[in-house]
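Quick notes on the structure that follows.
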Amino acid sequence: MAFTERFDTFVCEGDCIACEQDGFRIVARIVRDDSPDGPDQRQDGFWPSLYKDAPGFIGPGNNFRERFAKAQAEAEAIMEAWREDDWFYCGIVLSVSLDGVILDEHAISLWGVEANYPGSDNGHLTDVADDLLPDALAIGRRVAQRLCATLSNLEARA
């Protein structure tokens, strides 16, 4: 079970990929995360540190100051790219439909995923959709079963 379509190397809010599985159509779409928190607020250790008990500790060893300077420059570049809206956090939201009827527009999702992150090909976005696919299918099956049961009850009353 996996999406055969892949998200592009550059994505925008609303971009989608879709697949068919067991008669269900599952669409994974990108929705911009509405949290204003930057990467340094979301990730412990985002900023490198020379203090051994601090998140982001560079570690002892040769060239630790050079490694620290490189890590600091990378973190600053990532923050600047985020401030410039070159990349953003998003949710991967899966919807499930059957025979053209949407069973659940927001069956399952994962939030706080980096989109267009510097140096990334966005392959992880499709990986997230693949990971969520089994749960979306299970949700679709449950909704379809409930709808069938409801229709049977209505027919029995008629």
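The values are calculated or read from the model by the stated rules, or taken from the named source; none is laboratory data. Computed from a prediction, not measured in an experiment: that's the story for all the values here. Using ideal geometry, Cβ is built from the backbone for each residue, glycine included, and neighbour counts are taken over all protein chains shown.
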- Exactly one condition in (1) under 18 Å from Asp131 (Cβ atoms); (2) surrounded by 12 or more Cβ atoms within 10 Å (Cβ to Cβ); (3) touching a Cys at 6+ places or on another chain (Cβ under 8 Å) is not met by Cys19; state its number. (3)
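Which of the residues belonging to the stretch 24-40 are β-branched (Val, Ile, Thr) and within 19 Å of Ser120 (Cβ to Cβ)?
Listed by number, the residues that qualify are Ile30, Val31.
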- Hey, Pro118 over 30 Å from Glu20 (Cβ atoms) and in the same structural domain as Ala138 (by TED's automatic domain parsing) or not: yes
- Note on the structure: Counted residues in the stretch 139-155 being surrounded by fewer than 17 Cβ atoms within 10 Å (Cβ to Cβ) and farther than 14 Å from Gly23 by Cβ come to 9
- Message: Restricting to the stretch 105-132, count the residues that are under 21 Å from Asp34 (Cβ atoms) and either surrounded by 13 or more Cβ atoms within 10 Å (Cβ to Cβ) or touching a residue at least 60 places away in the same chain (Cβ under 8 Å) (or both).
- Response: 18
- Has the stretch 64-76 got any residue that is among the small types (Gly, Ala, Ser), touching a residue at least 12 places away in the same chain (Cβ under 8 Å), surrounded by 15 or more Cβ atoms within 10 Å (Cβ to Cβ) and touching a helix residue (DSSP H, G or I) at 6+ places or on another chain (Cβ under 9 Å)? yes
- Task: Have a look at Asp53, Asp34, Asp85 and point out the one that is loosely packed, with under 12 Cβ neighbours inside 10 Å and within 22 Å of Asp8 (Cβ to Cβ).
- Result: Asp85
- Note on the structure: Going through the stretch 6-23 in order, the residues found to be closer than 18 Å to Thr126 by Cβ and either of a type in the set (Lys, Arg) or in contact (Cβ under 8 Å) with a residue 24 or more places away in the chain (or both) are Arg6, Phe7, Asp8, Thr9, Phe10, Val11, Glu13, Ile17, Cys19, Gln21
